Amino acid sequence: MDNCLFCKIARGDIPSRKVYEDDDVFAFHDINPARPVHLLVIPRRHITSLATVTEADTPVLGRILAVANQLATENGSPDGFRVIINTGRIGHQEVQHLHAHVVGGPDPVGPMLKRV
C-alpha cells in the first residue's frame with residue numbers, strides 16, 4: 001500500500017534502524033522501545049493484521065517467528081524474549097500493517113511491559 005507507514009519503511013522510503021531483511025520479512029528497531037531489546041518484524045507484503053490473515057499467509061507468519069528468535073538472540077536477549085502481535089482496536093494495534101514486537105533484554109520481562 002502506498003500510504004502505509006511500514007510498507008514505506010520496508011521499501012526504504014522512510015529510514016529505519018534495520019536489523020534484518022529478506023524477500024519476505026523486514027525487521028528494525030522500534031523508535032519508542034519498551035525494553036532494552038525491542039524490534040519489529042514485519043511482512044514485506046502488506047497484511048493489515050492477524051484478523052485478516054488467510055492460509056496463504058502461513059509461510060510468512062512462520063518466517064516472522066523464526067526471524068524473531070534469531071534476532072532476539074543476536075540483539076541481546078539469548079535467554080528468552082516475548083513476541084507480541086497487537087491486533088485491531090481492542091488489541092491496541094496502532095499501525096495497520098501486521099507486525100511482531102520482539103522484546104527482551106538481560107533482565108526478565110516480568111508480567112507487564114514497562115517503559116525503559
Report summary line: Here, trypsin sites (Lys or Arg not before Pro) of segment 53-116 satisfying both criteria (DSSP loop; at most 14 other Cβ within 10 Å) are ARG89, LYS114, ARG115
Query - Normalised contact order of the chain, rounded percent, pairs of Cα under 8 Å and 6 or more residues apart - result: 31
Report summary line: Using eta = 0.890 mPa s and T = 25 °C, Stokes-Einstein with Kirkwood Rh from Cα pairs puts D for segment 5-104, in µm² s⁻¹, at 181
Report task. Could I have the simple spin-label model distance between ARG89 and GLU55, label points 7 Å from Cα toward Cβ, reported in nm to one decimal? Result -> 3.2
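Rule-based calculations on the coordinates, nothing more; no lab input. Computed from a prediction, not measured in an experiment: that's the story for all the values here. With ideal geometry, Cβ positions are generated from the backbone for all residues, glycine too; neighbour counts draw on all protein chains shown.
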